Amino acid sequence: MANAKTFYLETFGCQMNAHDSEKVIGTLEQQGYTQVEAELDADLLLYNTCSIRDKAEQKVFNRLNDYKKLAREGKRFAVLGCVAQQEGEKIFDRAPYVSLVAGSASYRKLPEMLARLEAGETRITGLDDRQTDETFETEFTARKNPYRAYITIIEGCDKFCAYCVVPYTRGKERSRGSDSVLEEARRIADSGYTEIQLLGQNVNSYRDPQGARSFAELLAAVGQIPGIRRVRFTTSHPRDFTRDIVDVIDAVPTLCDHVHLPVQSGSSRVLRQMAREYTRDWYLERIAWIKSAKRPISISTDLIVGFPGETPLEFEETITLLDAVQYDAVFGFKYSPRPNTPALVMIDSIPDAEKATRLQILLDRQREIQRANYEKHIGETVEVMVEGNNPVREQVIGRSSQNKPVNFTWNHPIAPAPGTYHQVRITRAFPNSLVGEAI
Ligand code: 5AD
Ligand code: SF4
C-alpha cells in the first residue's frame, strides 16, 4: 500500500453497525489512514454489513462482484460486520480479492489485523464466534452524526430468538463497565453534544460487570450529566423490561419520552415458537406500566408477519395487539429464514404473497392508528431538536422527545443549526410526522 493510506467505508444495517463504523473509522485514522468519499480514491475499501433479513449475504456478494475490476487496480477489500461473521472464510472463496473478514466481536483486534494487511498478508480473519468476553472500546471514535452521540453499553446477544441471526453474528452478551460508559458520556457532553443514545442489541439486559449500577441507574446517571438534554436507548427486550425503567423516565427530565419495545407477534403461541419467553399478556403488562407513567411515553415496536405456522387467526391477534397498544411507530417485516437459526428446521410454510398481504394489512391498520395519535398533537407546543432542513419546502426538520419527526417553518434568514432546540407549535399532523411553526 502507498504512503498516503486512504480508505472508503460503507455501512449497512442498524445503529449498532453505524456506531461500530464510527469506532472503526477512529481506529483507522489512528493507524494513519484518511477517509475518502469515493471508492475510486481509496486504497482500502471496507463494507460493514448486515445480515438480518432478505438474503442480505447475496447482496454483499453481488456488490463485491461489481467491484472486481477495482481489485485489479490493486485496491484491497475488507468485509466487516454481520455477513462477515456469518459467512466467514467462504467470503474468500467467492471473492478471492477480499483480504480481511472480521465480525464485530473481533474489532478490538483491528490494529493488529491492519498491520498484517499492510505487510501484504491476505485472508486475514477476525471471527470470534461467541468466544470473547471483551467489548470494543476505542481511544478515538470518529462521531459522524452532528447532533446525536451513540454509546454502546452492551454488545452481543444471548437470547437466541428462533428467527434471529444476531446471537451468531455479534457474539455473546457482554456489558461495559458503567464507570467507563459514564466517562465516555461526560467526554461527549464536554465536546458539545446534548443528545446521547445508549445502544445495545438488548440494551436493557445491561448488567454492570462492576455491579455498581442497574440499567435504570445508569440511565439516570447519564441523564444527570451537565450539558446533556436528551437521552435515548435502544433496543429494549420485553423480557428484561423492568418497572424501574419507567420510574426513572418519570424522575429524570432528560430521559426522552420514548420506549422502543419490539413485540414480534401478538399471538402467545407464535411467541412461544419464536422463543421470545413471554406471552401477549405479559407484554401488555409492561405496556400498562409505560402507559401509567406521569410522562407521555411514546411506544414503538417491531413485528414479524408470516413466521412458520402463523395461522390467519394468529395474525389477527397481532392486529388486535396494535389496537390494544396504540403504537406511535411500527417496523413490520416479513419473516425471512436466516442461516444457523433454530427456525430453519420449521417449514417456511407461508407463501411470500401471503406474507406481503399480511404485512400490508398490518401497515394499513397501523397507519390509521398513527393518524389518530399524531392528530392529538395539533395545538400543542413541543420541543424539537433540529436535525437538518428541507430547502425545497423551506422547512426545518427535527424530532420531538417522543421521537416523532417534526417539520417546522422558521421566520428568520438563517435556519437553526442541527443540534439546537426550539419550541414548535403543532399546526398539522400526518401519520408519520407533525408540522408546525417555531415560536
Ligand atoms: N425475519 C424477519 N424479520 C426479522 N427480524 C429479525 N430477524 C428477522 C427475520 N429472520 C426483525 C425483528 C427485529 C428487527 C430488528 O428485525 O423484528 O426486532
Ligand atoms: Fe444487521 Fe442485526 Fe447485525 Fe445490526 S446486529 S447489522 S441489524 S444483523
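Read-outs: derived from the displayed coordinates by stated rules, not from any lab. Worth saying up front: this structure is predicted, and the values here are computed from it rather than measured. Every residue, glycine among them, receives a Cβ derived from its backbone with ideal geometry; neighbour counts consider all protein chains shown.
Couple of notes before you dig in:
- Environment charge at Glu285 (Cβ cut-off 12 Å; Lys +1, Arg +1, Asp -1, Glu -1): +3
- Which of His377, His422 has the fewest Cβ neighbours within 10 Å, and the rest in rising order: His422, His377
- Each of Asp128, Asp250, Asp257 was scored by other Cβ atoms within 10 Å of its Cβ. Arranged with the fewest first, they read Asp250, Asp257, Asp128.
- Sequence-separation-based contact order of the chain, relative, with Cα cut under 8 Å and 6+ spacing, percent: 10
- In segment 109-148, chymotrypsin sites (Phe, Trp or Tyr not before Pro) in a DSSP loop with at most 14 other beta-carbon atoms within 10 Å: Phe140
- Two-site FRET efficiency, Lys291 against Glu112, from Cβ-Cβ distance with R₀ of 51 Å, rounded to 0.05: 0.55
- Here segment 332-429 is assigned +1 on the Cβ of each Lys and Arg and -1 on the Cβ of each Asp and Glu. Its dipole about the Cα centre then comes out at about 100 debye.
- In the chain, the calculated helix contribution to ellipticity at 222 nm averages -9500 deg cm²/dmol per residue, counting -39,500 (n - 2.57) for every DSSP H run with n ≥ 4.
- Cα-based shape type of segment 15-64, given that a ≥ b ≥ c are square roots of the gyration tensor eigenvalues and the cut on a/c is 1.5: oblate
- Whole-number percent relative contact order across segment 17-121, with pairs defined as alpha carbons under 8 Å at least 6 apart: 26
- Karplus (6.51, -1.76, 1.60) ³J(HN,Hα), θ = phi - 60°, over segment 339-356, in Hz, Gly and Pro reported as x: x, 6, 7, x, 5, 4, 6, 7, 6, 6, 7, 9, x, 4, 4, 5, 4, 5
- Charged neighbours of Arg230, selected by a Cβ distance under 13 Å, balance to 0 (K, R count +1; D, E count -1).
- Among Ser292, Ser104, Ser298, the order by Cβ neighbours within 10 angstrom, fewest to most, reads Ser292, Ser298, Ser104.
- P(r) tail, the chain: Cα-Cα pairs separated by more than 30 Å, 49% of all pairs.
- Evaluating kT/(6 pi eta Rh) at 20 °C and 1.002 mPa s, with the Kirkwood radius of segment 381-438 over Cα pairs in the Stokes-Einstein relation, gives 196 µm² s⁻¹.
- Cysteines, the chain, no other Cys beta-carbon under 4.7 Å: Cys14, Cys50, Cys82, Cys157, Cys256
- Simple spin-label estimate for Glu217 and His412 gives 4.2 nm between the two label positions (7 Å along the Cα-to-Cβ direction from each Cα).
- Exceeding the 29 Å Cα-Cα cut-off - candidates Lys159/Lys334; Lys291/Lys404; Lys294/Lys404; Lys90/Lys355; Lys159/Lys376: Lys90/Lys355; Lys159/Lys376
- Residue with peak Gaussian network fluctuation, the chain [Cα springs, cutoff 10 Å], from Gly171, Gly200, Gly74: Gly74
- Among Thr381, Thr279, Thr194, residue whose mean-square fluctuation peaks in a GNM of the chain (springs only between Cα atoms under 10 Å): Thr381
- The GNM of the chain, with springs linking C-alpha atoms under 10 angstrom apart, assigns the highest mean-square fluctuation among Arg232, Arg243, Arg425 to Arg243.
- The dipole here belongs to segment 149-375: it is taken about the Cα centre, uses +1 on the Cβ of Lys and Arg and -1 on the Cβ of Asp and Glu, and is about 260 debye.
- If only the Cβ of Lys and Arg carry +1 and only the Cβ of Asp and Glu carry -1, the dipole of the chain around its Cα centre is close to 400 debye.
- The length gained by stretching the chain between Glu10 and Lys69 to full extension, at 0.36 nm per residue less their Cα-Cα distance, is 19.4 nm.
- Summed residue charge, Cβ within 15 Å of Arg53's Cβ, Lys/Arg positive, Asp/Glu negative: 0
- The chain: antiparallel DSSP beta bridges as a percent of all, rounded to 5: 30
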